[in-house]
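J.: Just dropping this structure here.
The values are calculated or read from the model by the stated rules, or taken from the named source; none is laboratory data. The model shown is predicted, which means the values in this text are computed figures rather than measured ones. Quick reminder, even Gly has a Cβ in these numbers, built from the backbone with ideal geometry, and neighbours come from all protein chains shown. SASA here: full protein model, heavy atoms, side chains in, ligands and nucleic acids out. Shrake-Rupley method; radii C 1.70, N 1.55, O 1.52, S 1.80 Å.
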Amino acid sequence: QLQASGGGLVQAGGSLRLSCAASGLTFSNYHMGWFRQAPGKEREFVARISRRGTVQYYADSLKGRFTISRDNAKNTVYLRMNSLKPEDTALYYCTARYGDDGEVDYWGQGTQVTVSA
């Protein structure tokens with residue numbers, strides 16, 4: 001139901017935009033987010049955006065470099081990543097959460113981002 005795309009190999013300092021298309025759910029009813037997991041590390045929160053896109057939250061370490069947005073008409077959430085660093089290398093997952101807090105309801109399959117030095 002969540003199909004992420006846009007990952008790839010990029011040099012340090014470069015940019016990527018991830019997309020996540022949702023299907024089978026009423027997209028505008030869900031808070032959307034991104035998490036990532038690097039090899040050998042625990043999964044970590046990246047960003048999330050409210051149902052109407054009016055409120056965004058970011059991991060403190062990523063503020064200013066990453067931007068989350070959504071297009072409810074296209075049932076798609078985006079993650080723009082600028083000034084990428086090798087430590088941003090990870091599998092990036094999009095998520096959908098119906099409630100205002102609590103557990104994520106849906107996880108996407110992940111898209112790989114690899115940043116070379």
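J.: Every residue in the range 3-15 that is open to solvent by 30 Å² or more (accessible area, probe 1.4 Å) and either in contact with an Asp or Glu (Cβ under 7 Å, 6 or more places away or on another chain) or farther than 17 Å from Asn72 by Cβ (or both), please.
T.: Quick first cut of the range 3-15, residues open to solvent by 30 Å² or more (accessible area, probe 1.4 Å) only: 3, 5-7, 9, 11-13, 15.
Result: Ser5, Gly6, Gly7, Leu9, Gln11, Ala12, Gly13, Ser15.
J.: Please verify whether the range 98-107 includes one or more residues that are of a type outside the set (Ser, Thr, Tyr), open to solvent by less than 80 Å² (accessible area, probe 1.4 Å) and under 20 Å from Leu9 (Cα atoms).
T.: Taking every residue of the range 98-107 in turn, none turns out to be of a type outside the set (Ser, Thr, Tyr), open to solvent by less than 80 Å² (accessible area, probe 1.4 Å) and under 20 Å from Leu9 (Cα atoms).
J.: If you don't mind, another one. So which residues in the range 81-112 are in a loop (DSSP other than H, G, I, E, B) and touching a Cys at 6+ places or on another chain (Cβ under 8 Å)?
T.: Gly108
J.: Consider Val46 carefully, then state whether it is under 13 Å from Thr114 (Cα atoms) and of a type in the set (Val, Ile, Thr). Don't jump to the end; show me each part of the working.
T.: Working: under 13 Å from Thr114 (Cα atoms): no; of a type in the set (Val, Ile, Thr): yes.
Spelling it out, it is not the case that Val46 is under 13 Å from Thr114 (Cα atoms) and of a type in the set (Val, Ile, Thr).
J.: Which one of the conditions (1) among the hydrophobic types (A, V, I, L, M, F, W, C); (2) touching a Gly at 6+ places or on another chain (Cβ under 6 Å); (3) open to solvent by less than 20 Å² (accessible area, probe 1.4 Å) does Leu91 fail to meet, given that it meets all the rest?
T.: The number of the failed condition is (3).
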